[in-house]
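Here's the structure, in structure tokens; my notes come after.
The values are calculated or read from the model by the stated rules, or taken from the named source; none is laboratory data. For clarity, every value in this text was computed on a predicted model and none was experimentally measured. When we count neighbours, we look across all protein chains shown, and the Cβ atoms used for this are built from the backbone with ideal geometry, even at glycine. Surface areas here come from the heavy atoms of the whole protein model, side chains and all, with no ligands, DNA or RNA. Shrake-Rupley method; radii C 1.70, N 1.55, O 1.52, S 1.80 Å.
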Amino acid sequence: MRKFWIVFSHTYLSRVKTKGYIISSAIFLLIICGIFYIPDIIERFTGEGEEPVVAVIDETENQQLYEALSSGAEDYQPILFDGNEDEAKQAVENEEYEGLLVLNQSEQNLPEAIFYGMQLTNSTSDDMEAQLQQIKVAQAASQAGVDEAAMQEIYAPVSFERQSLDKEAKTEEELAGSYGLVYILVFALYISVITYGMMIATDITNEKSSRVMEILISSSSPVSQMFAKILAIGMMGLTQLALIAVAVYVMVQIRGQELSGGFFDFIGIANASPVTLTFALIFFILGYFLYAIICAGLGSVVSRMEDVQQLVSPIIFLVMGAFFLAMYGLNAPDSTIIVVASYIPFFTPMIMFLRIGMLGVPSWEIALSIAILVATILLIAWISAKVYRGGVLMYGKGGSFNQLKEALKLSGNIKNKSK
């Protein structure tokens, strides 16, 4: 056990002290702080706090369209331009105005407009188009003799409420707060599993290629060495997650009163459910162990860095499949394929977590999926331990899955000799 902790501490400390780990952790913390200051940053660089000014030339009688437009303008400021179109266009090019809106009436006495801007992709023009559409509907209704109160009744939104009969189902407010949070956490699971899984495989292969492995296996059991590396790199990942969690907590305390608006409402960071975060941690750990153990076994049968990617790529594709399935499940979390996939061990960390975050999943389903996942991890750990025992002694050109058979055969021979 002492040798296990020696390998564990050496792997953990050597990884944590690397410049890459320190720099990546610092970048993550800067990103977290940046996310909480996104509204301020956008306002600083885009001037979102000031309403864009639009020059308006109204060619209608008594400038009635300009009056109607001005009375309902909210996200922009229309200014009646005193001059001709050419002068107004020049003023737009000189960035004196956001754009130029020329108003007129059709033969049916309905509004018509032409917007001139530096770019066609202009959100202000969309706002003006929507407002002019309302003015057109009101004028057309008036010409047809339809009462204004009747028009308001016609266009009033329908009363439509959603009520779930399942007591465990989430409310609309909970779903709105969970959607973005689940998306971010699923993406974090995807990146973490791939990053740390590949790290284990490359670390083992690097030790074999430098012949350090021969010294290690002569001083400690190959199996204990494998699990020490897996736990050390997993602890390294948890350390990074802990730093991020502390940063999020501090920023919530600092900016808690200001966490409102579209972006923060989308990610639901202000109202994050402790249950959702707890299951995120559980499935992160289980998902990490599942793929890390596989990568450790595969990394032990190759001795060249260029062979690692070839052997581990099917595992990466499997993780990618789980991720894309989770992206589909965000819009259909109760579909049959998502429910079935949540019980498949290789998909469970992402898909079952997705269902927990988006739906009211019965406790027995969660327990069953975790039990299947844990049993699979134990089975794969037993197989990977046998592969690792023989694989660390194999040198030469590799990269094919036939190497796994040879590693298992060699492991059996070693076990028989030890008896």
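The simple Förster model, with R0 at 30 Å and r as the Cβ-Cβ distance, assigns residue 94 and residue 123 a FRET efficiency of 0.90. Across the stretch 373-378, computed HN-Hα scalar couplings (Karplus, 6.51 cos²θ - 1.76 cosθ + 1.60, θ = phi - 60°) run 5, 5, 4, 5, 4, 5 Hz from first to last residue, x flagging Gly and Pro. Each residue was assigned an accessible area with a 1.4 Å probe, and for residue 14 the value is about 50 Å². So which chymotrypsin sites (Phe, Trp or Tyr not before Pro) in the stretch 86-142 are both in a DSSP loop and have at most 10 other Cβ atoms within 10 Å of their Cβ? Sparse-neighbourhood loop chymotrypsin sites (Phe, Trp or Tyr not before Pro): none present.
Once the piece of chain linking residue 61 and residue 74 is laid out straight, how much longer is it, given 0.36 nm per residue of separation minus the C-alpha distance between them?
2.3 nm
In this structure the amide hydrogen of residue 112, modeled in the peptide plane, comes within under 5 Å of the amide hydrogens of 104, 105, 106, none closer than 5 places in sequence on its chain. Geometric descriptor of the stretch 341-381, per residue, is 50 Å³ (volume of the convex hull of the Cα atoms).
Whole-Hz Karplus values for the stretch 357-363 come out as x, 9, 10, x, 8, x, 4 Hz, taken residue by residue from phi with 6.51 cos²θ - 1.76 cosθ + 1.60 and θ = phi - 60°; glycine and proline positions read x.
Taking R0 as 30 Å, what FRET efficiency do you get between residue 331 and residue 275 from their Cβ-Cβ distance, rounded to the nearest 0.05?
Approximately 0.85, to the nearest 0.05.
What separates the Cα centres of the stretch 94-158 and the stretch 8-22 is a distance of 62 Å.
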